[in-house]
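Trainee: This is the structure I have questions about; it appears just below.
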């Protein structure tokens, strides 16, 4: 018999539409939906035909329903309070990215997980994408040789309107967390230091810095270079970024969300250019992608105790890259990436 787990969902905004279908598909018993706007919670319960209580009192729902885990879909500014409250109540937590609005708050959340003995996992959803898994698997199998370099370009003219237009660092703080985490996922390396330069180009419709260039020193001697802009009109890249990964034996390209491809050296017989052959990129099939994939890892943890790949001790390193890049830009110098 398949074990049924229970959950309380906090936050019934637009992002919850990406979570309720997989929760239902996996047979999770959603016991309550909490939102500051009670009518919003009621609408989502009705929309997805849930046998759940609508409430604006999170603590009361934890006490009444004692769920196995909490799904935190609140705004980033609320992540710390929601997560720490749930952990202290004895619940595991899976939450939306980014982990927190500051490194100090993120560190408090990690400590809360340790002190409670409960797991806190961040849904860094782009890890659960078949194309990304193919890139990662190619590197892990050593098909590029020893990896030395990772480059990511991200250029999109995004006219959101709303809060992003008013943020101080909209690109780095709201978007680059995806690319920084993918860099760690693709390379298997962690950040050491960064030199970054944020700017707001002429013609930008953002108040804050909507473009940036960053050079990260990573573990294992890898260098990760990031160039991005949210106010670049025309010739857009993929939202996942366009990537080049270089090893001492070849290069992999991943562009426009198309199949990864590349070339590898076949022998070292000399000559100006070494002989090359097509890179063998392994096929990868994922049973579930995006938020559904993240949820599957949480449920697997509940059944087996095996930690998910984006549990808080890991994911805080991706968040640290964000705040280190912002600090480097503000100070105009290279800064170490401080995690804990």
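The values are calculated or read from the model by the stated rules, or taken from the named source; none is laboratory data. Since the structure is predicted, the reported quantities are computational estimates derived from the model, not experimental observations. Here Cβ is always computed from backbone atoms with ideal geometry, including for glycine, and neighbour counts include all displayed protein chains.
Trainee: Out of all the residues in the stretch 79-94, is one or more closer than 23 Å to residue 326 by Cβ and either assigned by TED's automatic domain parsing to the domain that holds residue 173 or free of Cβ contacts under 8 Å to residues at least 24 places away in the same chain (or both)? Don't jump to the end; show me each part of the working.
Mentor: First, pick out the residues of the stretch 79-94 that are closer than 23 Å to residue 326 by Cβ: 79-81, 83.
Adding the requirement that they be either assigned by TED's automatic domain parsing to the domain that holds residue 173 or free of Cβ contacts under 8 Å to residues at least 24 places away in the same chain (or both) leaves 81.
Taking every residue of the stretch 79-94 in turn, at least one turns out to be closer than 23 Å to residue 326 by Cβ and either assigned by TED's automatic domain parsing to the domain that holds residue 173 or free of Cβ contacts under 8 Å to residues at least 24 places away in the same chain (or both).
Trainee: Among the residues of the stretch 287-330, write down those that are in a loop (DSSP other than H, G, I, E, B), touching a helix residue (DSSP H, G or I) at 6+ places or on another chain (Cβ under 6 Å) and buried (at least 17 other Cβ atoms within 10 Å of the Cβ).
Mentor: Passing the criteria: only 308.
Trainee: Now a separate question. Within the stretch 78-101, which residues are closer than 18 Å to residue 339 by Cβ and within 16 Å of the chain's Cα centre (by Cα)?
Mentor: 79, 97, 98, 99, 100, 101
Trainee: Just for strands (runs of 3 or more DSSP E) wholly inside the stretch 41-143: which have at least 1 residues that are within 30 Å of residue 286 (Cα to Cα) and at pLDDT 95 or above? Give the derivation first.
Mentor: Details: elements: 53-55, 69-72, 92-96, 120-123.
Of the strands (runs of 3 or more DSSP E) lying wholly inside the stretch 41-143, those with at least 1 residues that are within 30 Å of residue 286 (Cα to Cα) and at pLDDT 95 or above span 69-72, 92-96, 120-123.
Trainee: Looking only at strands (runs of 3 or more DSSP E) that fall completely inside the stretch 201-251, which ones have 3 or more residues that are touching a residue at least 40 places away in the same chain (Cβ under 8 Å) and within 19 Å of the chain's Cα centre (by Cα)? Can you show your working first?
Mentor: Details: elements: 211-218, 223-229, 242-247.
The strands (runs of 3 or more DSSP E) meeting that bar are 211-218, 223-229.
Trainee: Next question, about the same structure. Do you know which residues across the stretch 52-66 are farther than 8 Å from residue 32 by Cα, touching a strand residue (DSSP E or B) at 6+ places or on another chain (Cβ under 8 Å) and without any contact (Cβ under 8 Å) to a residue 24 or more places away in the chain?
Mentor: Across the stretch 52-66, the qualifying residues are 56, 57.
Trainee: Going residue by residue through the stretch 259-279, is there one that turns out to be free of Cβ contacts under 8 Å to residues at least 60 places away in the same chain, surrounded by 12 or more Cβ atoms within 10 Å (Cβ to Cβ) and within 23 Å of the chain's Cα centre (by Cα)?
Mentor: Among the residues of the stretch 259-279, not one is free of Cβ contacts under 8 Å to residues at least 60 places away in the same chain, surrounded by 12 or more Cβ atoms within 10 Å (Cβ to Cβ) and within 23 Å of the chain's Cα centre (by Cα), which makes the answer no.
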